[in-house]
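The values are calculated or read from the model by the stated rules, or taken from the named source; none is laboratory data. All of these numbers come straight from a predicted model, not from anything done at the bench. Cβ coordinates were reconstructed from backbone atoms using ideal geometry, including for glycine residues, and neighbour counts include every protein chain displayed.
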Amino acid sequence: MPDDLRARLIQVGGDLLDREGLAAVSLREIARRAGVSHGAPRRHFPTHLELLSAIAREGFTDLTARVQDALAGAPADARTRIGVLARVYLDFAGARRGRYELMFRHDLLASGHLGLRDTSLPLFALLTDLVAEARPAPEPPARIVAGALWANLHGIAQLWHWGSLALATDAADPEALLDAALTAHLGG
């Protein structure tokens, strides 16, 4: 039963985060929405940061599962697989906005606690491996190209959400921006 409450607190906190943003996520508000006493979350999460880290970990687990599901039916071509991964990433960023923003706040989260880094780094390693396969040139190293591509994807997700890219580019969706980013980092 305690694990059920822990999971429920993470779910309620994540849902609250997605709907109302980080400022709305407090232990007291999560407890209220979960229907438990305001002290109940402290049994599982002694600090607010521990709960936020657990929500972020769940987010990475979810994103990784979505990527793996999408790649299971994707062609073997590495560039195509990177495109699939990137589209899942952008879709996740749009659908789970608050959680997405929290997941990459390693300055805020206790990233070494609860294995958050152990959950986030394998997804980056997958991207790095695909980049190495798609562009076997030794320079710059695949890890650097993957980092630049990841930063570009993050920028597209953020600027699209804020409306800046649609306004600046007259694009109806971020697909053309994604294609341009893939071409810029992986070649034509």
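Examine the range 84-102 for a residue that is farther than 30 Å from Leu9 by Cα and either in contact with a strand residue (DSSP E or B) (Cβ under 6 Å, 6 or more places away or on another chain) or not assigned by TED's automatic domain parsing to the domain that holds Asp18 (or both), and state whether such a residue exists.
Yes; the residues of the range 84-102 include at least one that is farther than 30 Å from Leu9 by Cα and either in contact with a strand residue (DSSP E or B) (Cβ under 6 Å, 6 or more places away or on another chain) or not assigned by TED's automatic domain parsing to the domain that holds Asp18 (or both).
Which residues, counting only those in the range 158-184, are under 15 Å from Phe92 (Cβ atoms) and surrounded by fewer than 18 Cβ atoms within 10 Å (Cβ to Cβ)?
Matches in the range 158-184: Gln158, His161.
Of the conditions (1) over 21 Å from Gly115 (Cβ atoms); (2) modelled with pLDDT under 90; (3) of a type in the set (D, E, K, R); (4) crowded, with 16+ Cβ neighbours inside 10 Å, Arg87 satisfies every one except a single condition; which number is it?
(2)
Report yes if some residue within the range 84-100 is of a type in the set (Val, Ile, Thr), closer than 29 Å to Leu178 by Cβ and touching a Lys or Arg at 6+ places or on another chain (Cβ under 8 Å); otherwise report no. Outline the logic, then answer.
Going residue by residue through the range 84-100, those that are of a type in the set (Val, Ile, Thr) are 84, 88.
Now restrict to residues that are closer than 29 Å to Leu178 by Cβ: 84, 88.
With touching a Lys or Arg at 6+ places or on another chain (Cβ under 8 Å) added as a condition, the list becomes 88.
The answer is yes; a qualifying residue exists.
Residue by residue through the range 15-32, note down the ones that are assigned to a helix (DSSP H, G or I) and under 19 Å from Tyr100 (Cβ atoms).
Kept after step one, since they are assigned to a helix (DSSP H, G or I), are these residues of the range 15-32: 15-20, 22-24, 27-32.
Once the filter is applied, which keeps residues that are assigned to a helix (DSSP H, G or I) and under 19 Å from Tyr100 (Cβ atoms), the range 15-32 yields Asp15, Leu16, Leu17, Asp18, Arg19, Glu20, Leu22, Ala23, Ala24, Ile30.
Looking at (1) over 20 Å from the mean Cα position of the chain (by Cα); (2) in the same structural domain as Asp118 (by TED's automatic domain parsing), which one does Asp69 not meet, given that it meets all the others?
(1)
Looking at Glu133 and the list (1) surrounded by fewer than 17 Cβ atoms within 10 Å (Cβ to Cβ); (2) closer than 23 Å to Asp62 by Cα; (3) not polar (S, T, N, Q), which single condition is not satisfied?
Answer for Glu133: the failing condition is (2).
Quick check, is Gly21 in contact with a Gly (Cβ under 8 Å, 6 or more places away or on another chain), surrounded by 15 or more Cβ atoms within 10 Å (Cβ to Cβ) and either touching a residue at least 12 places away in the same chain (Cβ under 8 Å) or farther than 22 Å from Ala95 by Cα (or both)?
On the way: in contact with a Gly (Cβ under 8 Å, 6 or more places away or on another chain): yes; surrounded by 15 or more Cβ atoms within 10 Å (Cβ to Cβ): no; either touching a residue at least 12 places away in the same chain (Cβ under 8 Å) or farther than 22 Å from Ala95 by Cα (or both): yes.
No.
Restricted to the range 118-153, and to residues that are β-branched (Val, Ile, Thr) and touching a helix residue (DSSP H, G or I) at 6+ places or on another chain (Cβ under 7 Å), which residue is farthest from His185 (Cα to Cα)?
Thr119
Scan the range 140-157 residue by residue and report those that are in contact (Cβ under 8 Å) with a residue 24 or more places away in the chain and surrounded by fewer than 17 Cβ atoms within 10 Å (Cβ to Cβ).
Ala148, His154
Output the number of residues of the range 72-83 satisfying the condition of being surrounded by 17 or more Cβ atoms within 10 Å (Cβ to Cβ) and either free of Cβ contacts under 8 Å to residues at least 60 places away in the same chain or in contact with a strand residue (DSSP E or B) (Cβ under 6 Å, 6 or more places away or on another chain) (or both).
Residues flagged as surrounded by 17 or more Cβ atoms within 10 Å (Cβ to Cβ) and either free of Cβ contacts under 8 Å to residues at least 60 places away in the same chain or in contact with a strand residue (DSSP E or B) (Cβ under 6 Å, 6 or more places away or on another chain) (or both) within the range 72-83 amount to 2.
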